[in-house]
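Here is the structure we will look at, set down as structure tokens.
Every number in this text was worked out from the coordinates using simple rules, so none of it is lab data. Owing to the predicted nature of the structure, the values given are computational and were not obtained by experimental measurement. Here the Cβ positions follow ideal geometry from the backbone for every residue, glycine too, while neighbour counts run over all protein chains shown.
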Number of protein chains: 2
Amino acid sequence: MQLFMAIPPSLTALRSILAKRKLDAYILTSCYAHYGESIPLFADRVQRISAFSGSTATVIVSKSEAVILVDPRYAIEVKQSVNHDHFSSFVFDRASGGLWPSVVKPDGVVRKNGGIHRIGFDPLALTGAAFRAMQASIAAIEKEEDRPELVPIDGNLFDETAGDLPRPSSPWFVHRHTDNTVQDRIERVRALSKGIKATHLVVSCTDQVSWLLNVRCMAVPNMMGVIAFAIVPVAEGEPVTLFADRADMKENKVDEVLEAANVVIKPYEDFTAALTELAATAGVKLACDTSRVASTPHFISNLCNDEDVKKALTTKLFPVLEGITYLTDAEVKHSFASHLRDSAAITSFLAWAEKQGLADTDVTEFDCVEKGHEFRSRRENFLGPSFDSIVGFNANAAIIHHKPTAKEPGPTIAPNTCLLVDSGGHYLDGTTDVTRTIWIGPDAPPPALVRAYTVTLRGHVVMAMARFAQPYTYPMVDALCKNEFWREGMDYAHGTGHGVGYVGGVHNSVIASANVAMGSPYPAPPLKPNCIFTVEPGVYDYDAGFGVRIESDYVTQETDVEHPTRKTPFVECAPLTIVPFERALIDVSQLTKPQVDYLNAFHAKCREQLTPLLQKEDPLGYAYMKRQT
Amino acid sequence: MQLFMAIPPSLTALRSILAKRKLDAYILTSCYAHYGESIPLFADRVQRISAFSGSTATVIVSKSEAVILVDPRYAIEVKQSVNHDHFSSFVFDRASGGLWPSVVKPDGVVRKNGGIHRIGFDPLALTGAAFRAMQASIAAIEKEEDRPELVPIDGNLFDETAGDLPRPSSPWFVHRHTDNTVQDRIERVRALSKGIKATHLVVSCTDQVSWLLNVRCMAVPNMMGVIAFAIVPVAEGEPVTLFADRADMKENKVDEVLEAANVVIKPYEDFTAALTELAATAGVKLACDTSRVASTPHFISNLCNDEDVKKALTTKLFPVLEGITYLTDAEVKHSFASHLRDSAAITSFLAWAEKQGLADTDVTEFDCVEKGHEFRSRRENFLGPSFDSIVGFNANAAIIHHKPTAKEPGPTIAPNTCLLVDSGGHYLDGTTDVTRTIWIGPDAPPPALVRAYTVTLRGHVVMAMARFAQPYTYPMVDALCKNEFWREGMDYAHGTGHGVGYVGGVHNSVIASANVAMGSPYPAPPLKPNCIFTVEPGVYDYDAGFGVRIESDYVTQETDVEHPTRKTPFVECAPLTIVPFERALIDVSQLTKPQVDYLNAFHAKCREQLTPLLQKEDPLGYAYMKRQT
């Protein structure tokens, strides 16, 4: 309860400053200038003020009220974790108009009691896309006098009243598992920048700065990236400026490596002033990632205002994103190696979990999370999880983002359980994301589960077997997978897959499937060789007591298939994830002959590649793998 | 030779006026303000000046040269039809940078000899998209002094020198095969316009004006549409203004119907001045179809310059296009009826062609074009062809746009021929587009042809059997079809299909498959119910001596499939085209069980529905149909 006790003073303090700044309300977000899988506590003002335990919410504090807005995934979590004496909570969905309209509309949950006209926000803790969405909702308000004003305030008012927390500190290191040096990266980005007519790139996302400078650290949970800003002049020879804490670079002498590559290191705090000054310089045309992922803060995207650049970015990727999306050959080779080790770890976990279930032990879902982590930790080059593991038994497997915790460890394992595990790791030589669903006997699985698994497997395998003519894109091909579900009247309420960053962020949303990409007015990038992405269809039937998802990582590779009707090369998917599928849940009669051939060949590959990693080290896992394949 | 003799004077006259207008060159296009399947002679200045026999080219006349630029489809035609004493020809492709860069770049074919700086054009005979493409190419030219200037000239200089031809005249009639009146159409468009924030819509395309006012005529070959402009004020009660030749409306009293619906009819020639005046009026926000199809003339799209409207049109369809794309239930019902009659006509044609081939007659490809037309003409409500028929025997079938003519009728039919026929008709109650490929025995077909046909059929049937979760779009689902080819290493160099207008233009490019849509920065519209589109994959192997295409028209319909994982309805494809597939070319072993079941059910439907139309009227066609099904 301590955390709840601490909140009212910070709320009161924030409120007291509102009047001084002539504001009627202030926005706190779960978002910060460097974006990523998770947000460090210093920047998570939503958690700090409200104790909300989920990962994304928005808090609006006015003189008399404090509202926390969450999407339907967090409907239960917000009730359980937030003190409703001080906050009212609101679950927005399409029916309520979505998040930002709920905030700015006169009859929305935030403004419905009147008196809110000037709404302040921290321009580094709100994305440009969010700002534009609010603007659009405001423009749609009929009467001009009903429209609120959005007021950017330099610095964060919550930090000002509740006190800054230090940014997390972690030693930086040069990322050696690539054939590119920092000079190579900068050169590549400069070459790509010519196509967008910018003079300078402004880079703020954790994974983007890390990729650009070929550095990593472990400051932020689940992310392999640094907390820093970079400004890249497109002109050759001009230094790249990095805004970051030099102290973190000392241990591994990263500052020396960067300075040798003509990177000028300035204090983190200098960024805002430096960018403002640069933007005001004649002839400067700034570019930032407003293209697709749109996670760039309002402060930066507001300064990147050149019409030519903005137009170019409607058809071309932001150069740093282009680099993150298409790996080098050496990085792909590393990815094969790291994924194989990860596959061995997951196979070991599945064998262990099956044994626990058959023995009816008191292993919980959260124990499974920890055990999975333990198996990964034993493997070479492991750094940490790439996201919080999802583990669900039976009906819990139907909750798409079910993440057991030490506080809520979930049920204990039992015979005849459907187990879904979705987890991933960062290794020095790659990032993984894998989901398997298994049946723990001893009885035969229910036919509805077998049907769901077989349809899911069919969808997965259709994608895995597909060849793509360029320039097809992920949103154009994920219908291949969905079609297998649609034919059965089924569907899943998430994308078919997403890009996977290379030792950065596990979600590279440049590659995203149709239902995610639908919102973007920009064309998706083509599936050229050396893209890594997941294929992860599923069937979620809570009432029937099961959920199924089958996820592997694939990398696009050029094929040498030739045919008179096709002169240019095809791209096909090579599996990086080498974990067997669940034999007990496959109804072979519902597969085509080529699909059965593909699965047999894949399982032969599992045997061949996993044997050296399991045979001696983990006899249980080895026996399980042999049985499944 | 008469035509060639006549050309030099018109070239000379045009050149003489260039100096007077201070121009170095002038652009003539195969494009006019009303766009459509074909261009009437009065507006086809390219044909009139050069005698070019293809359907699309661009001519640039300068003081000393005249260059005709064509895409690779017309490489042979341009050589054969254009007099190279007076014109040089140039085939542009991606390697040469495309059409417009070839025109404007200093080292391009048009400007490489120097002296061309001011290039004039008719702003009603050049699309806004073409203008923007030229501008972009010009902006990319490094040195400012190398950049040419584009000069819009009111009126067409060719017409001014060679003389106007009259616009084709044809009596207008009210289109009764719909449940919508002109008032309904205008109301629907007004309702849709609120979402794009425009005050007025400017409509110029033949099929769009015709849809809006619910009128048709046969002035332009292959198009069921009027030559007119319309301006629609979004405000209720304000009259729609139509710019057209009232004389054409008299015979069927169409003017009275329109005036009763508060449409003001003004002379065609008044349009330019009226739009210019309207655009200069305070508070006016014009919208035109710049959204996707981008066939709007530069003159109009230049005046439609409101930023809010332009932005809205990046995510919403131009309201008139929305109306054309999603039919009413009554129109869908009519389409089923017209397509069935059309299917009977094509079945009769296939039976007749097979008989001619087996008998080794001297029937040519062009005879087949005429015979197909004859079979259609016998059917109720037939108006005319919806495009020039494609008929190819053997290797000619591999030429995607092979259109035999009276002058070049092609080879004569023989036993053991692969015949491809792609044709369509306008009926009062619908527009069709259908392709069948058949094998004329008596011998067994070559295995390579059977393989190609079976793969094509598989791709076709996968689409036909698919259900789509909304809001999937055509570019997102055509991979379902292409995947069947990709798996075999095959591909086809055209889209999988296109939307079909309802008694308008046979190509409604709002619905277009991936390779067409890739160029558009705008999202494709969702496959909601009541869209009509084609599915037309193919395999083209000229060297092997055959081409295969299988094309049917489908309409999207909501299904009542229910499943716990899918709460909202699916959309599926109902076949409008009821013509049997070619039994002799199907290798059943390469189909899945559900595909075989689908084909058997489809052929049963052919028997059931075609029998009443063929049994008495065409015993030969009836016997053929029974044999094939």
Checklist entry - For helix A:365-377, what angle does its Cα long axis make with the longest principal axis of chain A, in degrees from 0 to 90 and rounded to 10? => result 80 degrees
Next on the checklist: Counting other beta carbons within 10 Å of each residue's own, what order do B:480, A:420, B:11 fall into, fewest first?
Outcome noted: B:11, B:480, A:420
Checklist entry - For the pair residue B:191 and residue B:315, how long in nm is the line joining their label points, each one 7 Å along Cα→Cβ? => result 2.1 nm
Checklist outcome for this item: Residue-ordered couplings for the stretch A:321-338, obtained by feeding phi - 60° into the Karplus form 6.51 cos²θ - 1.76 cosθ + 1.60 and rounding to whole Hz (Gly and Pro as x), are 5, 4, x, 5, 7, 10, 6, 7, 4, 5, 5, 5, 4, 4, 5, 4, 5, 5
Next on the checklist: Apply the a/c threshold of 1.5 to the C-alpha gyration tensor of the stretch B:1-110 and tell me whether it is rounded, prolate or oblate.
Outcome noted: rounded
Checklist entry - How much net charge surrounds residue A:242 when only other residues with a Cβ under 11 Å from its Cβ are counted (Lys, Arg +1; Asp, Glu -1)? => result -2
Next on the checklist: Along its three principal axes, how long is chain A when you only count alpha carbons? Whole Å, largest extent first please.
Outcome noted: 69, 58, 51
Item to check | For residue B:252, residues with placed amide H under 5 Å, excluding near neighbours | outcome: B:172
Checklist entry - Under unit Cβ charges (Lys, Arg +1; Asp, Glu -1), what dipole magnitude, rounded to 20 debye, does the stretch B:173-325 have relative to its Cα centre? => result 420 debye
Checklist entry - How much length is gained on full extension from residue A:113 to residue A:360, taking 0.36 nm per residue of separation minus their Cα-Cα distance? => result 83.4 nm
Checklist entry - Taking one equal scatterer on every alpha-carbon of the protein assembly as shown, how large is log10 of I(q)/I(0) by Debye at q = 0.07, 0.09 1/Å? => result -0.80, -1.31
Item to check | Length-normalised contact order of the stretch B:68-196 in % [C-alpha pairs under 8 Å, at least 6 apart] | outcome: 18 percent
Checklist entry - About its Cα centre, how strong a charge dipole does chain B have in debye, to the nearest 20, once Lys and Arg get +1 and Asp and Glu get -1 at the Cβ? => result 620 debye
Checklist entry - At residue A:528 and residue B:405, where each label point lies 7 Å from the Cα along Cα→Cβ, what is the point-to-point distance in nanometres? => result 4.2 nm
Item to check | Using a Förster distance of 25 Å, the FRET efficiency for residue B:176-residue B:608 (Cβ separation, nearest 0.05) | outcome: 0.30
Item to check | Amide hydrogen neighbours beyond the local backbone of residue A:576, cut-off 5 Å, H modeled | outcome: A:553, A:554, A:555
Checklist entry - In whole percent, what relative contact order does the stretch A:2-162 give with Cα contacts below 8 Å and a gap of six or more residues? => result 25 percent
Checklist entry - Any idea how far the Cα center of the stretch A:166-221 sits from the one of the stretch B:162-241, in Å? => result 55 Å
Next on the checklist: Please compute, for the alpha-carbon atoms of the stretch A:329-628, the extent along each of the three principal axes and give them in descending order in Å.
Outcome noted: 58, 43, 37
Checklist entry - Which order results if A:465, B:625 are arranged by neighbouring Cβ count within 10 Å, fewest first? => result A:465, B:625
Item to check | Value of relative contact order over chain A, rounded to a whole percent, pairs C-alpha under 8 Å and six or more apart | outcome: 11 percent
Checklist entry - Relative to the other copies, what are the label-point distances for residue A:71, with labels 7 Å from Cα along the C-beta vector, expressed in nm at one decimal and sorted shortest first? => result 3.9
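Of the cross-linked pairs B:105/B:482; A:333/A:407; A:605/B:482; A:316/B:311, which ones have a Cα-Cα span greater than 30 Å in the structure shown?
The pairs that break the limit, which is 30 Å between Cα atoms, are B:105/B:482; A:333/A:407.
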Item to check | the stretch A:173-323 - Debye-derived log10 I(q)/I(0), Cα point model, q = 0.16, 0.17, 0.19, 0.20 Å⁻¹ | outcome: -0.83, -0.95, -1.20, -1.33
Item to check | Listed residue pairs exceeding 28 Å between alpha carbons, taken from A:143/B:310; B:20/B:79; B:197/B:250 | outcome: B:20/B:79; B:197/B:250
Checklist entry - Label point 7 Å out from residue B:153 along Cα-to-Cβ: which residues of the stretch B:113-141 have amide N under 16 Å? => result B:116-126
Item to check | Charge dipole of the protein assembly as shown about the Cα centre (unit charges at C-beta), most positive-ward option of B:82, A:391, A:305 | outcome: A:305
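Quick check: from the Cα gyration tensor, does the stretch B:142-243 come out rounded (a/c under 1.5), prolate or oblate?
oblate
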Checklist entry - Spin-label point model (7 Å from Cα, Cβ direction): what's the residue B:269 to residue A:56 distance in nm? => result 6.1 nm
Checklist entry - Around residue A:270, with a cut-off of 13 angstrom between Cβ atoms, what is the net charge of the other residues, counting Lys and Arg +1 and Asp and Glu -1? => result -1
Next on the checklist: Using the Karplus curve 6.51 cos²θ - 1.76 cosθ + 1.60 with θ = phi - 60°, what ³J(HN,Hα) values do you get for each residue of the stretch A:460-471, in whole Hz, with x for Gly and Pro?
Outcome noted: 4, 6, 4, 5, 4, 8, 6, 10, 10, 6, 6, x
Item to check | Cα-based helix-to-principal-axis angle, B:619-628 vs chain B, degrees rounded to 10 | outcome: 80 degrees
Checklist entry - Given a Förster radius of 25 Å and the C-beta distance between residue B:141 and residue A:236 as r, what FRET efficiency does 1/(1 + (r/R0)^6) yield to the nearest 0.05? => result 0.65
Next on the checklist: List the residues, sorted by chain then number, that are 5 or more residues from residue B:120 or on another chain and whose placed amide H is less than 5 Å from its amide H.
Outcome noted: B:24, B:25, B:26, B:27, B:151
Item to check | Label distances, nm, residue B:146 versus same residue in remaining copies, Cβ-directed 7 Å point | outcome: 5.6
Item to check | Dipole magnitude of the protein assembly as shown, debye to nearest 20 (Cβ charges: Lys/Arg +1, Asp/Glu -1, about Cα centre) | outcome: 140 debye
Checklist outcome for this item: The residues A:161, B:432, sorted from fewest to most surrounding Cβ atoms within 10 Å, come out as A:161, B:432
Next on the checklist: I need the inter-copy label distances for residue B:337: point set 7 Å along Cα to C-beta, values in nm with one decimal, smallest first.
Outcome noted: 7.2
Checklist entry - Efficiency by 1/(1 + (r/R0)^6): what FRET value for residue A:63 and residue B:19, r their Cβ-Cβ distance, R0 = 56 Å, to the nearest 0.05? => result 0.15
